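Have a look at the structure below before the remarks.
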Amino acid sequence: MGRSETSGAGDTTPVAPTRQESSSEGSRTVLGTKRRERIDGLAESGGDTAAGVSLAASAWRRLRRSPTFLVGAGIICAFVLLALVSPLLAQHDPALRLLEEQVSRADNSIPPPQPGFPLGGDQYGRPLLSRLLLGSQQTLLVALLATVIGLGGGLTLGILAGAFGGWVDTLVMRVVDVLLSVPSLLLAVSIGALFQQQSQFTVIIAVATVQIPIFGRLLRGTMLAQRASDHVLAARALGVRQRSIVFRHMLPNALGPVIVQATLMLAVAIIDAAALSFLGLGAADTSTPEWGQMLGSAQNFFDTHPHLAFWPAGCIIVVALGFTLVGESLRDALDPKKRR
Amino acid sequence: MALLEVRDLSVRFVRRHEPTVSAVDGISFDVHPGSTVGLVGESGCGKSVTSLAIMGLLPQRGTEVSGSAKLAGSELLRLSRREFDRRRGKEIGMVFQDPLTSLNPVVPIGVQISEVIERHRGLSRRDAKREAARLLDRVGIPDPTRRLGEYSHQLSGGMRQRALIAMALACEPRLLIADEPTTALDVTIQAQILSLLRELVAETDTALIMITHDLGVVAGMCDEVNVLYAGRIVERAQRHELFSRPRHPYTAGLMASVPRLDSPRGQRLAPIDGSVADNIPWERGCAFSPRCGNALAVCGQRAPELETTDAGEQLRCHNPVDATETVERADD
């Protein structure tokens, strides 16, 4: 047995280089020189781990050529990078009222842009740019955690309903129906209001709760489609364990639309979280900046100082746009009909 | 003793507010080790439902399965789901019709094969992988170690079907059910796959149930042939007898509707009149009688029983085609 294995492995060695050659040849005709090097690198690194081209790899190949994806991913990367390095970029402590003496209730004045403070201050005299920069951390974190929790909950419900069917399915889906029947923002507000003390944590839970039924229903549908598919029937005919059928044969095939939805949901989560903060259901302590909360506290100054609302609102829109663009392009890339 | 004994197998689909559908209606047949038994018939005649019932793969809700199917003396139809899971794949293997959709698109085929080996033969992952490579080699896939890491969409149609056969054979089942294994393949590949199956049956003494609507496949593969119509066996004969002297008008009609190289130029094919929609229920008479050229008055009143003829065939017909009348056929 051992001998036959080694002879089999010997056969593969001459084959591997020819495959890499052909892939680099193909790219030479289609793509420019700069890109070719990157693709060659990818082909080599991918070739080591797996001989085959998985769904993920073929989706990635198409994504790299999609301008929508590149723009969206660029936006997201820029903001994530910003969130990571913002403590270094921010020149001032966002909680300090450094420009407090320039704030006047009487003539409704707010610190204008000045040396050291490119965007001026907010209505408490805190440095606006530093708050904006550090606010990216909170906003992205809240959106990410809320989506992760929502995804986790939705996956659990979807797997239960889709894999077992029958009364489990009925029970889970009726709960989902109830949750979906309440308008999402109203649901989030109600859940946020359940907590004694408002904090970022309540925002996360509220936003996640809104997402759970959406993910759950989506996954249930795709799981049911998988359950009726030929390859699941074939796996059952081979006596494959139920656990393996659900997690190896059904779930990975059912996940595509859920991944797309998750990306789109990040955008929704950012907007929902901002809406909750805007409505005053966010953290009561405003010393840690967050865009939604900044936008909310700027509402009294819309007519006199619109820039207070413009900057956080602009950031929210651009980040949400980034996630939406990535989601859209992912949906196209994961479309099995376009797969080659 | 036969390896598989099917006795009076019936499958009924029960629907709310609608009449019950009888998909399979009292089928009995035996399969012996090393032999190939064909289940032949048109769409909806119950051939696939028969195989799914034997495999325990019919949905539990809305289906009533009765009768008995014994594999080496032990009853299959009353196994619990868990027991069935343990025996499926190990004692009975199945090859499906469409190799593209029957393979999981996101799992490399090597994993799909070794999964079955690990499950039923208790080998380690490493040994299972080596065994999977050996199986791929056995079913004629070149460079098997590399193919193990590939996905179904990277294989050609013929290779996919070979991979599926390798999976079905992974645990050396005593019974293999092939449900139209060549329908989705082109003719040359079809011939290759059939000769592969023939070879495997001969080498390992596996029993094979061949489900098909293709008389060419039957002629090339089967020792014994069961012709199904509307859920019942209407004729059962050895291959040679069936092709040289079809007795049931349906079987004769099927053969007349197949183009032949030795028929005169310009001669039209003779299709069977009507369609399955014209059938009458077996309770009222012979289901085929409205389409049958040989039908007598009795055919629409009383269903014929499956009876053994003088030649040792089994036949369900009041007025069979005269054995002497049929054309001589050059047999292979």
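The values are calculated or read from the model by the stated rules, or taken from the named source; none is laboratory data. Keep in mind that what you see is a predicted model, and the values were worked out from it rather than measured. No Cβ is skipped: glycine too gets one built from the backbone with ideal geometry, and neighbour counts run over all protein chains shown.
Key figures for this structure:
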item	result
Selection from the stretch A:191-224 of residues that are part of a helix (DSSP H, G or I) and free of Cβ contacts under 8 Å to residues at least 12 places away in the same chain	A:LEU194, A:PHE201
Condition check for B:GLY38: of a type outside the set (D, E, K, R) and outside any loop (DSSP other than H, G, I, E, B)	yes
Some residue of the stretch B:19-41 being farther than 26 Å from B:ALA237 by Cα and not hydroxyl-bearing (Ser, Thr, Tyr)	yes
Candidates A:THR263, A:THR304, filtered to the one that is out of contact with any Gly (no Cβ under 7 Å at 6 or more places or on another chain) and on the phi < 0 side of the Ramachandran plot	A:THR304
Residue match in the stretch B:223-242 (condition: on the phi < 0 side of the Ramachandran plot, crowded, with 20+ Cβ neighbours inside 10 Å and in a loop (DSSP other than H, G, I, E, B))	no
Those residues of the stretch A:265-313 which are surrounded by fewer than 18 Cβ atoms within 10 Å (Cβ to Cβ) and either in a loop (DSSP other than H, G, I, E, B) or in contact with a strand residue (DSSP E or B) (Cβ under 8 Å, 6 or more places away or on another chain) (or both), in sequence order	A:LEU279, A:GLY280, A:ALA284, A:ASP285, A:SER287, A:THR288, A:PHE302, A:ASP303, A:THR304, A:PRO306
Extreme residue, nearest to the other protein chains (Cβ to nearest Cβ), among residues of the stretch B:55-91 that are among the polar types (S, T, N, Q) and free of Cβ contacts under 8 Å to residues at least 24 places away in the same chain	B:GLN60
Verdict on B:CYS299 being outside any loop (DSSP other than H, G, I, E, B) and closer than 19 Å to B:VAL227 by Cβ	yes
Matching residues, the stretch B:58-92, being part of a strand (DSSP E or B) and either under 23 Å from B:ARG119 (Cβ atoms) or not basic (Lys, Arg) (or both)	B:THR63, B:GLU64, B:VAL65, B:SER66, B:GLY67, B:SER68, B:ALA69, B:LEU71, B:SER74, B:GLU75, B:ARG88, B:ILE92
Hits in the stretch B:39-74 - residues which are over 19 Å from B:ARG12 (Cβ atoms) and either among the charged types (D, E, K, R) or in contact with an Asp or Glu (Cβ under 7 Å, 6 or more places away or on another chain) (or both)	B:GLU42, B:LYS70, B:LEU71
In the stretch B:110-157, the residues that are closer than 25 Å to A:PHE247 by Cβ, of a type in the set (Val, Ile, Thr) and within 7 Å of another protein chain (Cβ to nearest Cβ)	B:VAL116
Criterion: in the same structural domain as A:ASP303 (by TED's automatic domain parsing), at positive phi and of a type outside the set (Val, Ile, Thr) - qualifying residue of A:GLY116, A:GLY121	A:GLY116
Matching residues in the stretch A:100-142 - criterion: being among the basic types (Lys, Arg) and farther than 22 Å from A:GLY282 by Cβ	A:ARG105
Hey, A:LEU63 of a type in the set (A, V, I, L, M, F, W, C) and out of contact with any helix residue (DSSP H, G or I) (no Cβ under 7 Å at 6 or more places or on another chain) or not	no
Yes/no for B:ALA184 being within 14 Å of chain A (Cβ to nearest Cβ) and in contact with a helix residue (DSSP H, G or I) (Cβ under 6 Å, 6 or more places away or on another chain)	no
Unmet criterion (only one of (1) at the interface with another protein chain (Cβ under 8 Å from one of its Cβ atoms); (2) touching a residue at least 12 places away in the same chain (Cβ under 8 Å); (3) crowded, with 21+ Cβ neighbours inside 10 Å) for A:SER229	(3)
Selection within the stretch B:98-109 - surrounded by fewer than 24 Cβ atoms within 10 Å (Cβ to Cβ) and either more than 8 Å from chain A (Cβ to nearest Cβ) or among the hydrophobic types (A, V, I, L, M, F, W, C) (or both)	B:LEU100, B:VAL106, B:VAL107
Residue match in the stretch B:68-88 (condition: under 15 Å from A:ALA234 (Cβ atoms), basic (Lys, Arg) and in the same structural domain as B:GLN190 (by TED's automatic domain parsing))	yes
